[in-house]
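Asks: Handing you this structure, nothing more for now.
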Amino acid sequence: MSRYTLVKRQFGHRARLALSSAGVHAVDDQAHAARTLWNLLHAWWQMMPKEKRTLANADAAIHQARKDIDFLAALPAQAAQAVLKAYFRAWRNCWEHRADAPHFKGRFRTVMSVDIPQGRDLNIVRVHRRWGVVNLPKVGRVRFRWTKDLPVGKRAGAENRITGARLIKDALGWHIAFRVQTLQAGPDPHQGSDVGIDVGVTVPIALSDGTAYEHGAWLTGEEKATLLRLEQRAARRKRHRRSGERTSGRLHRTYDRIAGLRAKAKRRALDWQHKTTTAIARTYGTIVVEALTLPNMVKSARGTIEEPGKNVAQKSGLNRAISGEAWGRTVTLLTYKTARHGGTLHKVPAPNTSRRCSACGSITPGSRESQAVFVCRNPDCGWSGNADHNAARNVLHLYRTGLALVPAAGRAVVRRAKRVKPATVR
C-alpha cells in the first residue's frame, strides 16, 4: 500500500443478529411500522397539491400520524425521519431518470427493514472472538456475529467510523448491515501478470494460465431431498385451496422453510464468489473478461403461436444454470476488488471466443468436439486442449492485440488501440 496517498473508502458489512423471541417481535413491529409509514407518505403525496408537497409539510404529517396511530410509535423517531428522507430521495431519483416512481409497499412482497441513521446510537462492543454486541433503539443490547474487524472503541475516529446501519430480514432471520467509512492508504500498481477469464456452466471460472475454479452443489443430498419434499407438500396444499381462499398458516410455514433452504444455497454461492474473486484480484494485475449480454443469453426459446420455439425445455435448463452461476455478479465483484488491489479490469468482445483456436487463430467448424475438449480442425494446426482454457486464452489475446470495449453514447463500441507496455497497463 502507498504511504503517501490516502483514500476514503465506504463499504457495508452484514452480520447475523442473535435476537430473542421478544426481540424478533420488537424488530418486526418496527419494520411493519416503517412500511406503513412509507405507504401513508405515498397516500399523502398523491392527495396533496403539487405546491404543498414539501419536506416540512411531510414532516408535520408524520408527526400527526405518529400521534393518531398507536403502533407507529414502535418505530424510533430517527428511523421515521429516515423513511421520510428515503421517500423524497426516491422521487428525486425518479425525476432524474435513475429509477421508477415510488409505489405502495405490500406486506408480503416487501423486504422488511429498519434504518438506524446515526452510528453513535449503536455503541458497538466486541465481547468475544466470534461475537459482538450492538445497541438497537427500542430493542436493547443484541449480540451479532463478529466476522470482520470494525472501527469501534479506540480504533474509531473522525475518518474511521460506523456512520449508520440497517436492519434487514431475509429467509434466514434478521441481519444488521453496517455502513463503514475508513481512511486507508491507496494501493500501489499491481505487479501481477495479465490473465483472461472465461465463465461457463460446467467450469464456472477458467483462466488463461490453466487454472480453474470449480464448486460443488450448494445444497447437500439431504437438503435437496428436504427441499423437494417441501415443494411437493406446498404444491399439494396449494392445489386443494379454493379460488380466493386465504393462504393457510401451514402453507405459509412451508413456504418459509423452502425460502430458508434457497437462501442458504444463495449464501454459500455468494461466499464462494467472494473468496474466488478475492484470490484472483490478489494474484493478477490485469484481468480481462468478456462483455456478455446476459439478458439476451437467458431469453426463453418458447417463441410464439405462429412460430413456436424448439428445444424449449433444454433452453430453460440452460437459462437456469446461467442464472445460477451469476456471471454478472462475478464481474461486478472483480471490478471493485481489482481496483482495491491496484489492478485493472478490461472487457473485450465476446463473439467467437469459444470457437476460435488460441494457437492459430482460425475458426474451423467442428473444432469444439464437446463441452470440455477443443481440437482445431485446421490441417496446418491440429492443436487440442481444454475448451474453457482455450476461450480464456482468446479473451486475453483480444486484449493484447488492442481490442477494447469503450462506452460511448450509452453503448459499448470496439476500439482498437495501440499495444501498451505491461508496466503502463498496470
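Asks: Examine segment 98-113 for a residue that is in contact with a Leu (Cβ under 8 Å, 6 or more places away or on another chain), within 24 Å of V27 (Cα to Cα) and assigned to a strand (DSSP E or B), and state whether such a residue exists.
Replies: So far as segment 98-113 goes, yes, one or more of its residues are in contact with a Leu (Cβ under 8 Å, 6 or more places away or on another chain), within 24 Å of V27 (Cα to Cα) and assigned to a strand (DSSP E or B).
Asks: Moving on. Quick check on E325: is it within 20 Å of A392 (Cα to Cα), under 19 Å from the mean Cα position of the chain (by Cα) and modelled with pLDDT of 80 or more?
Replies: The answer is yes for E325.
Asks: Next question, about the same structure. For segment 100-124, enumerate the residues that are of a type in the set (D, E) and within 18 Å of A80 (Cβ to Cβ).
Replies: Hits for segment 100-124 are D115, D121.
Asks: Can you tell me which residue within segment 144-167, out of those that are buried (at least 17 other Cβ atoms within 10 Å of the Cβ) and assigned to a strand (DSSP E or B), is farthest from the chain's Cα centre (by Cα)?
Replies: R161
Asks: Same structure, new question: Within segment 213-247, work out how many residues are in contact (Cβ under 8 Å) with a residue 40 or more places away in the chain and under 23 Å from the mean Cα position of the chain (by Cα).
Replies: Adding up the residues that qualify gives 4.
Asks: Out of everything in segment 125-143 that is of a type in the set (D, E, K, R) and outside any loop (DSSP other than H, G, I, E, B), what residue ends up being modelled with the lowest pLDDT?
Replies: Filtering segment 125-143 for residues that are of a type in the set (D, E, K, R) and outside any loop (DSSP other than H, G, I, E, B), the one modelled with the lowest pLDDT comes out as R126.
Rundown of residues vs (1) out of contact with any Phe, Trp or Tyr (no Cβ under 9 Å at 6 or more places or on another chain); (2) not small (G, A, S), yes/no style:
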position: N123; (1), (2): yes, yes
position: R126; (1), (2): no, yes
position: R129; (1), (2): no, yes
position: V134; (1), (2): no, yes
position: D149; (1), (2): yes, yes
position: A156; (1), (2): yes, no
position: N160; (1), (2): yes, yes
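Asks: Looking at I258, I197, can you tell me which residue is assigned to a helix (DSSP H, G or I) and either in contact with a helix residue (DSSP H, G or I) (Cβ under 9 Å, 6 or more places away or on another chain) or modelled with pLDDT of 90 or more (or both)?
Replies: Only one candidate qualifies: I258.
Asks: Out of curiosity, is A291 in contact with a Ser or Thr (Cβ under 8 Å, 6 or more places away or on another chain) and either at pLDDT 85 or above or buried (at least 16 other Cβ atoms within 10 Å of the Cβ) (or both)?
Replies: no
The values are calculated or read from the model by the stated rules, or taken from the named source; none is laboratory data. Keep in mind the model is a prediction, meaning the values are calculated, not measured. Neighbour counts are summed over all protein chains in view; Cβ atoms, including those assigned to glycine, are modelled from backbone coordinates with ideal geometry.
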